[in-house]
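The values are calculated or read from the model by the stated rules, or taken from the named source; none is laboratory data. None of the values given here were measured: they were computed from a predicted structure. Reconstructed Cβ throughout: ideal geometry from the backbone, glycine too, with neighbour counts over all protein chains shown.
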Amino acid sequence: MTKALVIIDVQNAILEGKGTPERQSPIDAGLNETVTRLQRLQERARMTGAPIVMVQHDGDKGHRLAVGGAGWAIRAEVAPGPDEVVVHKKSCDAFFETDLADRLAERNVTHLVVGGCMTQFCVDTTVRRAVSLGYDVTLISDGHSTADMGDLAFDQIIAHHNATLDGFDAGNHSVEVRAAREIEF
C-alpha cells in the first residue's frame, strides 16, 4: 500500500471574503491553524518519501482564484516541492476532467491522506469519489477547513463532515478520519 498526501485548494484567496465582517477573522484564524498542521504533515510525508499531490482550483477571470492571480497561488507554507505533483481542476471533484488518477497510478498510490479546502465542497466530493474509484482514504480531521455557510459556523461544518465521512465506504474501500498527529506514512 502506497499512501499519498493530497492537499486540496490551499490557495491564498480560498476563503477571502467568505465570512461576514465579524466572522472573517475567526475563519481566517481557523484556516491558518489548519495550514500549519498540513505543513507539518507535508514535512513528515517528505521525510518518508511519500508522494505529495497538490490540487489547485483554476478559477475563471474575475473569480477570487482566477488563474495567475495572487489569490490563485498555493499558500507558501505548503508550496509544492520540485518533484511534487500539482493537479489543476475546475470543479469540486479533483478527479473530474483532471489527470489526478493517472498521477496517482504512476506512483502506485492506493491510499490517500486528504486535507485542504473547502470542506463541504472540494474535500467532501473528492473523498467520496476517491473511495468509489477504489482508494482507501484517511481524512485529516483537523486538516480541512471552510467558511461559515448559512446558519452553520465553519467548525460545525468541519465536525459534521468528520462524523459523516468516517466509515463511508464503497465495496472494500472506506474513509477513516484521523487527526494529523496520528497519521503515518
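A few remarks follow.
- Test: residue in the range 108-124 that is surrounded by 17 or more Cβ atoms within 10 Å (Cβ to Cβ), more than 20 Å from ASN12 (Cα to Cα), touching a strand residue (DSSP E or B) at 6+ places or on another chain (Cβ under 9 Å) and hydroxyl-bearing (Ser, Thr, Tyr): no
- Counting only strands (runs of 3 or more DSSP E) that sit completely within the range 1-111, those holding 2 or more residues that are aliphatic (A, V, I, L, M), out of contact with any Ser or Thr (no Cβ under 9 Å at 6 or more places or on another chain) and more than 18 Å from ALA180 (Cα to Cα) correspond to 85-89.
- Of all residues in the range 70-82, those that are more than 10 Å from VAL10 (Cβ to Cβ) have Cβ atoms under 7 Å from Cβ atoms of residues that are assigned to a loop (DSSP other than H, G, I, E, B) and of a type in the set (D, E, K, R), 6 or more apart or on another chain, in GLY71/GLU16; GLY71/ARG64.
- Candidates VAL131, VAL127, filtered to the one that is crowded, with 24+ Cβ neighbours inside 10 Å and either at pLDDT 95 or above or out of contact with any helix residue (DSSP H, G or I) (no Cβ under 8 Å at 6 or more places or on another chain) (or both): VAL127
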